[in-house]
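The values are calculated or read from the model by the stated rules, or taken from the named source; none is laboratory data. This structure is a prediction, so every number in the text was calculated from the model and none was measured. For neighbour counting, all protein chains shown are included, and Cβ atoms are generated from backbone atoms with ideal geometry for every residue, glycine included.
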Amino acid sequence: MSHTIREKKKLLARVRRIRGQVEAIERALDEEAGCERVMHMIAGVRGGVAGLMAEVVEDHIRTHLVDPKKNPGALDTEAAEQLIEVVHTYMK
């Protein structure tokens, strides 16, 4: 079973929140909202997508790069944790 399927509910909830944010941007543009409001909303979507990507990358690292049962040449746990930390910092 793929890790994205295991985390399906959580990932879909994130995607639905992002969809709601995008729809809010559409409404704001349709209502001719101010630039500041629209840019703030766009930044929120960008953060939501970055968070989603960070979560999927972290799951990938933990599932495919660290698990010695699945990957005999797996990264050690400390190296994986450092990589995950970098990913989360980059995705902010």
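Tallying residues that are more than 19 Å from residue 84 (Cα to Cα) and part of a helix (DSSP H, G or I) within the stretch 19-73 yields 24. I'd like to check something: does the stretch 80-89 contain any residue that is modelled with pLDDT under 95, surrounded by fewer than 16 Cβ atoms within 10 Å (Cβ to Cβ) and among the charged types (D, E, K, R)? Checked the stretch 80-89: at least one residue is modelled with pLDDT under 95, surrounded by fewer than 16 Cβ atoms within 10 Å (Cβ to Cβ) and among the charged types (D, E, K, R). Quick test for you: out of 29, 52, 65, pick the one residue that is more than 20 Å from the chain's Cα centre (by Cα) and hydrophobic (A, V, I, L, M, F, W, C). After applying the criteria, what remains is 29. Out of curiosity, is residue 42 more than 15 Å from the chain's Cα centre (by Cα) and modelled with pLDDT of 95 or more? Yes, satisfied.
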